[in-house]
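Read the structure below first, then the notes.
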Amino acid sequence: MLTLSSDFGSQYPAAMKGVILQHSDARVTDVTHSLPRQDIRAGAFWCRELLTQFPPAVHVIVVDPGVGTDRAALVVQAGSHILVGPDNGILRPVARKLTSTDEPKQYYRLTVESRASTTFHGRDVFAPAAVTIHERGLDRLVSTPFLTPVDTASLTSLRLPGYQDNVNEYTGSVIAIDNFGNVITSIPGTAVDAARISVNGQSVPFVQAFAAVEPGSALVTTGSHGYLECDVNQGRGECYFDLSTGDMVSIRTDTE
Amino acid sequence: MLTLSSDFGSQYPAAMKGVILQHSDARVTDVTHSLPRQDIRAGAFWCRELLTQFPPAVHVIVVDPGVGTDRAALVVQAGSHILVGPDNGILRPVARKLTSTDEPKQYYRLTVESRASTTFHGRDVFAPAAVTIHERGLDRLVSTPFLTPVDTASLTSLRLPGYQDNVNEYTGSVIAIDNFGNVITSIPGTAVDAARISVNGQSVPFVQAFAAVEPGSALVTTGSHGYLECDVNQGRGECYFDLSTGDMVSIRTDTE
Amino acid sequence: MLTLSSDFGSQYPAAMKGVILQHSDARVTDVTHSLPRQDIRAGAFWCRELLTQFPPAVHVIVVDPGVGTDRAALVVQAGSHILVGPDNGILRPVARKLTSTDEPKQYYRLTVESRASTTFHGRDVFAPAAVTIHERGLDRLVSTPFLTPVDTASLTSLRLPGYQDNVNEYTGSVIAIDNFGNVITSIPGTAVDAARISVNGQSVPFVQAFAAVEPGSALVTTGSHGYLECDVNQGRGECYFDLSTGDMVSIRTDTE
């Protein structure tokens, strides 16, 4: 199986899919093409969370503001998964999550042919590489000029934001905002054991279900990724809490 | 075959799909993930209209404002189709439409495991149940604690809006608005036999094709679902007629 | 394989897919359902660019402002591809591009059954015809009343915009705007050999990669379709250049 993830929106994903189907009868699954535009960090978060739900596959991941520059193209063996995409950090958190501690993780530099366009490597570099790897097998390709092993120290690094525990106050940041407007923070849900908490000073109930508060009311809950989410039942948490991706979030337990 | 319908938008559908593909090589078809957010009635309408086009399958349907509360999870045998989703009424009109009069229709309560998240039962409850049913067969599961037969009288009911015939005036309501802005009413197209009609007092032509009026002009036509639709050729009927889902619509034949 | 392209957006594509799956186990691939609404010219451009990436298939293409009028329904044998859609010109540029000079190209008029709706021929005419052709083969159908050969002279014609070379000034028009806001012109990238050019009098750098300029800065590049594109790195070229589909574009090499 091959999967496709990108920030391409509506039209361009089909070009990647067509290129693959020219060379393979394999299943091709769209994961999402609505990754936040050219936001490498949010793209890494979504791909990490979504691809861990998938069986082993060759996963194309393209959020690529540096397309056409000299940024490298990469292939990663991450346990039983293979990732294909640009060297801008987006593959790193995904590869870490997909690889068990007893499994191999190896990065390869992918040769970009000179006939590739300078604006659409999804179609001209990553999708062709993915289907070649899928059809021929990674092992047969790693000893060719097509794929060159590289040391991770030479690659663009990326870590998703963590959090700090400062005695009754947890500090983290907004990793992503989903399309319901739910604000996903980097603070784990296990950090909270209280009925009310303050988010950057705003006191809201900490509940298990959106519907535990009235429609239109704010809440914090442990979202499906295991992190604290600042939400509004049937509304948009990003507006209520006035938070954007990357903003700092401070969580304090309310004791009154 | 399995199908997926939800109001999840861009990212979350892939999590459901990944969970299924972990356990099955079956075809998984996205029906739509753009159901109006947390609108059970509109979701029921779209699923009813769309799923009747499909061959027998296990259909996951998730519009679920009550996720994480004690609302039940359901599986429905609806003739040769199987539906999986929350007990909030959304499955009822779909099940009625998919089941022929001589076919069985049976509702089952689905056991929700305690390890499921409280915010994403599509990934943690409905998709896993659907693939289990698809792979093992409903018959082998109905005699287990996994699925308990329930009486429909104990379930949340939902009927889509109907219409009334009040001597030359038909009264109904807006079932849904499609993404062209076409206003789909609950009044059947057979109710009208006239060249012009009034919609809540606004006189417009009743025509067979959008292009029977100029671009930008309003019209009423019998839409592809068999209901009267209040539209604007190449424009947005919802704006021209100032109608939203749930609004009352009165149709009167113009005789001048 | 069958593919689906339309301007239907979110809900209606599934109806076409369901109709096909009722009659075939074939692979059905969504190309895009976000073609610009009822814009035949832009639809033809996108389908031409995207479908040339695909292996031979039966391609359903529906941008159909004339649905329900007496416009004809067509099937085209375009080399090893088959196109199905309305006679409004949209199939013409696609068919020309998909057909090699030594391959046959033949247009057929498709009989529309009277029971078809007047508002949704994607579901009632084009998808059923496509799956019939896919399952039975075009050859066995061309000698039946289902498909009647027609002369292209009797069909709606459409040519995508070209360009003119007026001594150091190239004049063309905007073919389409992608969902990043990139303005795709009809002027080939080979027309420019300079570090700066003027677009309708605005001087901008001509570069190979978006990231050759700062985020938020304007540029012209040769896009992935081979045409000049007026873009903003990580922004929206359509806003910066104030251009819409169909607008005239004049490109002049800056020599200072």
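The values are calculated or read from the model by the stated rules, or taken from the named source; none is laboratory data. From a predicted model like this one, the values you see are computed outputs, not experimental measurements. All Cβ positions, even for glycine, are placed from backbone atoms using ideal geometry, and neighbour counts span all protein chains on display.
Residue-wise test of (1) more than 21 Å from residue C:86 (Cα to Cα); (2) surrounded by fewer than 17 Cβ atoms within 10 Å (Cβ to Cβ); (3) of a type outside the set (Val, Ile, Thr).
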| site | (1), (2), (3) |
| --- | --- |
| B:184 | yes, no, no |
| B:197 | yes, no, no |
| B:205 | yes, yes, yes |
| B:216 | yes, yes, yes |
| B:223 | no, no, yes |
| B:226 | yes, yes, yes |
| B:240 | yes, no, yes |
| B:243 | yes, no, yes |
| B:255 | yes, yes, no |
**Message:** For the structure I just gave you, tell me whether residue A:74 is within 30 Å of residue A:247 (Cβ to Cβ), among the aliphatic types (A, V, I, L, M) and buried (at least 16 other Cβ atoms within 10 Å of the Cβ).
**Reply:** yes
**Complete:** residue C:130 passes all but one of the listed conditions (1) assigned to a strand (DSSP E or B); (2) within 23 Å of the chain's Cα centre (by Cα); the exception is number (1)
**Request:** Take the residues in the stretch A:112-144 that are buried (at least 16 other Cβ atoms within 10 Å of the Cβ) and of a type in the set (D, E, K, R), then tell me which one is farthest from residue A:29 (Cα to Cα).
**Result:** A:124
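Evaluate the stretch A:91-111: report whether one residue or more is within 14 Å of chain C (Cβ to nearest Cβ), in contact with a strand residue (DSSP E or B) (Cβ under 9 Å, 6 or more places away or on another chain) and of a type in the set (S, T, N, Q). Spell out the reasoning first.
Let us first name the residues in the stretch A:91-111 that are within 14 Å of chain C (Cβ to nearest Cβ), namely none.
Checking the stretch A:91-111: not a single residue is within 14 Å of chain C (Cβ to nearest Cβ), in contact with a strand residue (DSSP E or B) (Cβ under 9 Å, 6 or more places away or on another chain) and of a type in the set (S, T, N, Q).
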**Request:** Report yes if residue C:243 is more than 20 Å from residue C:159 (Cα to Cα) and either outside any loop (DSSP other than H, G, I, E, B) or within 14 Å of chain A (Cβ to nearest Cβ) (or both), otherwise no.
**Result:** no
**Request:** Could you check, for the stretch B:158-172, whether at least one of its residues is at pLDDT below 95 and not in a loop (DSSP other than H, G, I, E, B)?
**Result:** yes
**Of the criteria (1) over 26 Å from residue A:214 (Cβ atoms); (2) surrounded by fewer than 18 Cβ atoms within 10 Å (Cβ to Cβ); (3) of a type in the set (Val, Ile, Thr); (4) free of Cβ contacts under 8 Å to residues at least 24 places away in the same chain, which one residue B:99 fails** = (2)
**Item:** Top-ranked residue of the stretch C:1-51 - restricted to ones that are of a type in the set (A, V, I, L, M) and part of a loop (DSSP other than H, G, I, E, B), ranked as nearest to residue C:61 (Cα to Cα)
**Value:** C:35
**Among the residues listed as A:106, A:22, A:38, the single one being closer than 28 Å to residue C:176 by Cβ, surrounded by fewer than 24 Cβ atoms within 10 Å (Cβ to Cβ), under 20 Å from the mean Cα position of the chain (by Cα) and in the same structural domain as residue A:146 (by TED's automatic domain parsing)** = A:38
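Could you go through the stretch A:161-179 and let me know if any residue there is of a type in the set (Phe, Trp, Tyr), over 20 Å from the mean Cα position of the chain (by Cα) and surrounded by 15 or more Cβ atoms within 10 Å (Cβ to Cβ). Explain how you work it out, then say what you get.
Of all residues in the stretch A:161-179, those of a type in the set (Phe, Trp, Tyr) come to A:163, A:170.
If we keep only those that are over 20 Å from the mean Cα position of the chain (by Cα) as well, we get A:170.
Still in the list and also surrounded by 15 or more Cβ atoms within 10 Å (Cβ to Cβ): A:170.
For the stretch A:161-179, residues of a type in the set (Phe, Trp, Tyr), over 20 Å from the mean Cα position of the chain (by Cα) and surrounded by 15 or more Cβ atoms within 10 Å (Cβ to Cβ): present.
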**Options C:13, C:86; residue that is at the interface with chain B (Cβ under 9 Å from one of its Cβ atoms) and surrounded by 19 or more Cβ atoms within 10 Å (Cβ to Cβ)** = C:13
**Message:** Given (1) within 12 Å of another protein chain (Cβ to nearest Cβ); (2) without any contact (Cβ under 8 Å) to a residue 60 or more places away in the chain, identify the lone condition not met by residue A:184.
**Reply:** (2)
**Item:** the stretch B:188-229, residues that are within 13 Å of chain C (Cβ to nearest Cβ) and among the hydrophobic types (A, V, I, L, M, F, W, C)
**Value:** B:206, B:207, B:209, B:210, B:211, B:212, B:213, B:219, B:220, B:228
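Which residues, taken from the stretch A:23-55, are without any contact (Cβ under 8 Å) to a residue 40 or more places away in the chain and either among the aliphatic types (A, V, I, L, M) or more than 10 Å from chain B (Cβ to nearest Cβ) (or both)?
A:25, A:28, A:31, A:35, A:37, A:38
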